[in-house]
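Notes for the one structure printed next.
The values are calculated or read from the model by the stated rules, or taken from the named source; none is laboratory data. A quick note: this is a predicted structure, and the numbers were derived from the prediction, not measured. Cβ placement follows ideal geometry from the backbone for every residue including glycine, while neighbour counts extend to all protein chains displayed. The area values use the complete protein model at the heavy-atom level, side chains included, leaving out ligands, DNA and RNA. Shrake-Rupley method; radii C 1.70, N 1.55, O 1.52, S 1.80 Å.
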Amino acid sequence: MRRRGLDFRRPVRKRFPNVVWWTVCGILVLVLIVVLSREGQIESKPTISRKPYRRDRIMEGVTVTDEMLSSNSVTRQLTDQISLAKAFVVIAKESNNLQFAWELSAQIRNSQVLLSNAATRRTPLTVGESETAIRDMALLLYQAQQLHYDSATMLMRLRAKIQTLEEQMSSANEKSSKYGQIAAEEVPKSLYCLGVRLTTEWFGNPNLQKKHRERKQMDAKLKDNSMYHFCIFSDNILASSVVVNSTALNSKNPDKIVFHLVTDEINYAAMKAWFTVNSFRGVTVEVQKFEDFKWLNASYVPVLKQLQDSETQSYYFSGHNDDGRTPIKFRNPKYLSMLNHLRFYIPEVYPALKKVVFLDDDIVVQKDLSGLFSIKLNGNVNGAVETCMETFHRYHKYLNYSHPLIRDNFDPDACGWAFGMNVFDLVEWRKRNVTGIYHSWQERNVDRTLWKLGTLPPGLLTFYGLTEALDPSWHVLGLGYTNVDPQLIEKGAVLHFNGNSKPWLKIGIEKYKPLWEKYVDYSHPLLQQCNFH
């Protein structure tokens, strides 16, 4: 009998024992339980047990809630309370509630100690530690609110306080400006004394007048263009003397220097007396008064014509305050003084001269200035040091660019320059009729809408495109109102005390006064008699 092949046999099914199956199922159940238990821990962390605190009525309207004492925000609550309390301390002191300010400060220190201790031990604050501090601070902050220390009320109070302070500051600034201007314009008693004594000496001493006439007749240098010609327009005897003396002492060739000094009728005799009795190393000094210039009249000079206008007279001389619209410095009558505007008539004052260096009377010369006369102006009329290192010294600072005449003709960013030490080519001046340009702009500003004050704004218009920039070391400014770099002062040929703090006044800047005073001979008998020191 034949057997069936192996392919036709039914395979035998292998079976695991029941014990193995139960073991596998148990392990799976255990794993599932572990996973579920971990998820439960993540979703609901057990909260730190805290002692319930309840006070229904600590003060009227105040209840310390569970949220305030939440362990998750203890540090935040303390920090926020401290910040708020610090603000209330300031407000309490402003309100003169010093007792409450002290209580707040003490509680701030307590809370800060808690935070510091927690930071030191590197563990968070617990509710038990901070509960009392939070509660006590909450009570004090509530009291602050009851005292109207809340932000809305305090903002209103602070705005009112700021407005009051601004009004006080504005008033103080106005008074400071007025008093400073008055102090700057005063004639010190010593200067007044010197003028009186010199005038008395001039009219009481015939020999002095004779000496002056002889010196004037002998001086052929006054019209000699090979000399170094300087001009000063001033009514200050001592200041003019310092300019002449400092120039002479620092000059290599003082015998080649000629000073042309123009003053007014009041100081004419005193000036002549001073520069006759004193010698300045052979420097020639000519003294004139502008009242002798017959061409200087209202028909030719716009400033003199404007002085005849009743509105101009009222603006400068009535004493009205213009309702505060115009600063006092803009209303100073000195800006209409012919000694101030005479700089625009130098070719008429000195018709025989070709080149002149103009000097203000509030300058000191430290170096030889003969080099100024060899500087090429390249066809320009005015040689000056530019002052536009900073934006406020550009044209837009001095002129009214809302006016179409200014806006259409002048670049607002054009560089400003300084009056006070200027080299003038009088040949080019006459050729270009620069004085006529000045007259044109001065006549257009009769209502003061193009510029407000002084001679610099009309100078910027008159010499626009006609000014050659000089090396800054020739002219250092600012010694009458600000701090100046000592290195600039040391290198400067001319130091300018522009500003109100003139060195001959009590309000002069003390650290700069010696630069000027070294050229004053305080041992001079007249200065001794007039108490100069």
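Just a few scattered comments:
- Taking every protein chain into account, the 1.4 Å probe leaves THR75 with about 70 Å² of accessible area, to the nearest ten.
- Ordered from largest to smallest accessible area (heavy atoms of protein chains, 1.4 Å probe), the residues THR126, THR449 come out as THR126, THR449.
- For the stretch 65-149, the normalised intensity computed at q = 0.22 Å⁻¹ comes to -0.99 (log10 of I(q)/I(0), Debye sum over alpha carbons, equal scatterers, no solvent).
- Among LYS86, LYS355, the order of accessible area from largest down is LYS86, LYS355, computed with a 1.4 Å probe on protein heavy atoms.
- VAL90-ASP413 FRET efficiency (beta carbon distance; Förster radius 51 Å; 0.05 resolution): 0.65
- Full-extension gain in nm, SER402 to PHE293, via 0.36 nm per residue minus C-alpha separation: 35.5 nm
- In this structure the amide hydrogen of VAL285, modeled in the peptide plane, comes within under 5 Å of the amide hydrogens of PHE259, none closer than 5 places in sequence on its chain.
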